[in-house]
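Note sheet for the following structure.
The values are calculated or read from the model by the stated rules, or taken from the named source; none is laboratory data. As the structure is a computational prediction, the values presented were derived from the model and not from experiment. Here the Cβ positions follow ideal geometry from the backbone for every residue, glycine too, while neighbour counts run over all protein chains shown. Side chains are part of the model used for accessible areas, which takes the heavy atoms of the whole protein and leaves out ligands, DNA and RNA. Shrake-Rupley method; radii C 1.70, N 1.55, O 1.52, S 1.80 Å.
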Amino acid sequence: LSSDPNVDLISFFILRTAEDNPQVLSDDELFLIPFPVQEIFQNQLGTFDLIVLQNFAYDDRAYRMSQYLKGIADYVESGGALVMVGGDNSFGEGGYEHTELGQVLPVIPTGLPPTAELFQPRLTAEGQRHPVSMVAPTREKSVEAWSKLPPIAGVHTVRAKEGSRVLLEHPFLTEGGENVPLVVLGEYGRGRVMALLSDSSWQWSFGEPSNGTGVRVYDRFWSNGIRWLLVSQKGRISSG
């Protein structure tokens, strides 16, 4: 995102928590600069085109994000865009189904733990023609490019909500008679949401130089995804 001149990116990464270092005496020592939670999620939330939550613990005592989740849900409902990426603190494992964002996300946790084994994601019939997952000029070349990516590890065991669109799925793991989804798109109010049910998709970028297709699947997937998410915002492509 930071390499795209059309994107105005603001990002914060939690480097460590109080549990990682028992010698830390103050929450102020957990980050390089103070995380402006109120400024971003209350005062300036409406100015952002897109919010990405990646393995984010909303109940972390240092940030007390739970009080802002309803605001994020209202932001999406009024035309904003949201992406949630997997991890120990995402989706059901992060307890989001018990919050206002549970209504916004296009998936339903099953209560089963995430898997950890490697698997080769499979395009669904929807994914073979959807603009988000269409990473090559033709359908055939796009399918080929996805099939040559390296396997990834782990997926949240969820079900897609009715009316959502599953683009990628687990090839053999099922729940409720359906393959467990990996990439799910949904709409909430006037906004759009994407769920990526793994925190290992970055591994795709390492396999691309040797897959023989000449297609930068990882980069194109995210570029396509952002454009789809922002359609509800009259085609704006800047993102925070």
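Observations on the structure shown:
- Probe 1.4 Å, protein heavy atoms only - accessible area per residue of segment 35-165 in square angstrom: 46 Å²
- Extending 7 Å from Cα along the Cβ direction at residue 223 and again at residue 37 yields two label points whose distance is 3.7 nm.
- In this simple spin-label approximation, residue 205 and residue 77 carry label points 7 Å from Cα along the Cα→Cβ vector, and these lie 3.5 nm apart.
- Percent accessible area from carbon and sulfur atoms, segment 39-148, protein chains only, probe 1.4 Å: 49 percent
- Potential extension, residue 161-residue 112 segment - 0.36 nm per residue separation minus Cα distance: 16.0 nm
- Pairwise alpha-carbon distances in segment 66-146 exceed 20 Å for 52% of all pairs.
- Subtracting the Cα-Cα distance of residue 139 and residue 9 from 0.36 nm times their residue separation leaves 43.6 nm of extension gain.
- At R0 = 51 Å, FRET efficiency that the Cβ-Cβ distance of residue 67 and residue 126 yields, to 0.05: 0.90
- Available extension along the chain between residue 47 and residue 172 is 40.9 nm, counting 0.36 nm per residue and deducting the alpha carbon span.
- Among the GluC sites (Glu not before Pro) in segment 122-185, those placed in a DSSP loop whose Cβ has at most 10 other Cβ atoms within 10 Å are 162.
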